[in-house]
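Heads up: the structure comes next, in structure tokens.
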Amino acid sequence: MTLDITQISAQIGEMVSRIQTGNLERAAHLKAALTRLSDPDLNLEALKRKIEAARTPNWSAAGLVKGFSGRYPAPVAPSEYSALATDGSDIAVDRHQAARCYLINIGSVYLHYGRQPFAELMNTPRLYSSETDLVISNPGNKHKQQQVEGSLLDARRAVEECRKLADLAGILPLDETLLAMMDGSLVLFGLQDYPDFIKEEIVDRGFLAALNTLQTLSLSRQLCLASYISFPHSDQVVNALRVAICPQEQVDCDESCALGEAACDVLSGVNDRMLFESWLKVGERSELFINPAQIVEKRYGAQNQVYFFYLRVEDEIARVEIPAWIANRPERLELTHALVLDQCRRGQGYPVALSESHEQAVVTAADRDQFWGLVEEALVDEKLPDRTSIKSRSKRTRWV
């Protein structure tokens, strides 16, 4: 049965009216945010301390490096460089299938620009089916374990993406200027509420180990690492402006503003993308900011502290995340800006290396069906139980 669109047409009209009203209000709030962003009397050191001491349980504010208002023009990209990118997809454990397993497919791309242009596109699928693949156990208590599914599977896929990037970077010539790119955030947000033994396995021995390998490689070659977020919805910079606006010396949202209006309500509805769309010109990047995620503060260490900047790419604002070992080296920061922007221009607004790696990683619905079909066939060939759930079988049968 198709969707009866006539039943929701009136609701769509009401939604559009609300959007129009909200846009007028946001325009006024955006003007207030831009005024604060360009405040020449900003006391940066005092505001840094205020942000660090702020008690804001429902939101987090970006850490500041040089303030809010810096705008950096597009540097010229070198004519000769290479771009690496990885992306991943998966087929999760399906409890309705006869075998417990999952698959991670990593797409990767190597593009070389210059006198002898070259491209290599590949994908690397891997099946995970052993008990150590399917669960992560607490070494101190085997009865405490977590199934690898949901956000834990997402995190394991991110680890494999980063490992593949480090492997590829490690085999390229030392004299190549290299941009290594990942899609999404460098922060494994999905693991923040997991127990320490999970974070030790996935974050410490997995993701951070791969980042450390890339950092080591960057010491002997012109290597830049960037993670790219298209059309971001984050508001961490706006939240830092909220702290700046707050008249309280010690910001405590629960105590000061729980029952009434707050001074920072003047910024309601504004996010970072809206702010920098009005602030940056095409090709420009913003100031650097520090990602305030708790998991970064507690586990990543100083060398892998995550910084970010916003980049104006034609009609879009992108968020670019980089580790401290890029952010703290001005020449690498500028090179990262130039190379990411060049990739976006070559990809009609989105980094071409990321776009191609995504295409290599995609697992279609047909691929999933073929995969589970192969699993069932292999079980039958070996005369092993191949029972699937009634629900799974019913999806393959048309009753009406």
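The values are calculated or read from the model by the stated rules, or taken from the named source; none is laboratory data. Not measured: the values here are computed from a predicted model. Counting neighbours? That spans all protein chains shown, and the Cβs are built from the backbone with ideal geometry, glycine included.
Overview of values
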item	result
Residue in the stretch 1-8 that is closer than 16 Å to residue 289 by Cβ and of a type in the set (A, V, I, L, M) present	no
Scan of the stretch 1-16 for residues that are in a helix (DSSP H, G or I) and either among the hydroxyl-bearing types (Ser, Thr, Tyr) or in contact (Cβ under 8 Å) with a residue 12 or more places away in the chain (or both), ordered by number	6, 9
Condition met for residue 364 (closer than 14 Å to residue 224 by Cβ, at pLDDT 95 or above and either among the hydroxyl-bearing types (Ser, Thr, Tyr) or touching an Asp or Glu at 6+ places or on another chain (Cβ under 8 Å) (or both))	no
Residues of the stretch 256-293 classified as touching a residue at least 60 places away in the same chain (Cβ under 8 Å) and not hydrophobic (A, V, I, L, M, F, W, C), total	11
Top-ranked residue in the stretch 327-373 [being in contact with a Cys (Cβ under 7 Å, 6 or more places away or on another chain) and surrounded by fewer than 23 Cβ atoms within 10 Å (Cβ to Cβ); ranked as nearest to residue 304 (Cα to Cα)]	332
Verdict on residue 190 being touching a Ser or Thr at 6+ places or on another chain (Cβ under 6 Å) and surrounded by 15 or more Cβ atoms within 10 Å (Cβ to Cβ)	yes
First in the stretch 340-353 and polar (S, T, N, Q), second anywhere and surrounded by fewer than 24 Cβ atoms within 10 Å (Cβ to Cβ), Cβ under 6 Å, 6 or more apart	343/352
Whichever residue in the stretch 254-304 is β-branched (Val, Ile, Thr) and touching a strand residue (DSSP E or B) at 6+ places or on another chain (Cβ under 6 Å) and, among such residues, is farthest from residue 345 (Cα to Cα)	296
Residue match in the stretch 176-190 (condition: hydroxyl-bearing (Ser, Thr, Tyr) and closer than 19 Å to residue 207 by Cβ)	yes
Residue that is modelled with the highest pLDDT [pool: residues in the stretch 39-55 that are over 25 Å from the mean Cα position of the chain (by Cα) and acidic (Asp, Glu)]	45
Whichever residue in the stretch 216-233 is farther than 16 Å from residue 175 by Cα and touching a strand residue (DSSP E or B) at 6+ places or on another chain (Cβ under 9 Å) and, among such residues, is surrounded by the most Cβ atoms within 10 Å (Cβ to Cβ)	225
Subset of the stretch 99-152 that is of a type in the set (A, V, I, L, M) and buried (at least 18 other Cβ atoms within 10 Å of the Cβ) - its residue that is farthest from residue 190 (Cα to Cα)	111
Qualifying positions in the stretch 179-195 - of a type in the set (Asp, Glu) and either closer than 22 Å to residue 217 by Cα or not in a loop (DSSP other than H, G, I, E, B) (or both)	183
In the stretch 305-354, residue nearest to the chain's Cα centre (by Cα) [restricted to those that are polar (S, T, N, Q) and either more than 16 Å from residue 84 (Cα to Cα) or assigned to a loop (DSSP other than H, G, I, E, B) (or both)]	305
Every pair of residues 6+ apart whose Cβ atoms lie under 6 Å, when the first sits in the stretch 33-46 and is closer than 14 Å to residue 275 by Cβ while the second is aromatic (Phe, Trp, Tyr)	37/68
Subset of the stretch 81-98 that is of a type in the set (D, E, K, R) and over 20 Å from the mean Cα position of the chain (by Cα) - its residue that is surrounded by the most Cβ atoms within 10 Å (Cβ to Cβ)	94
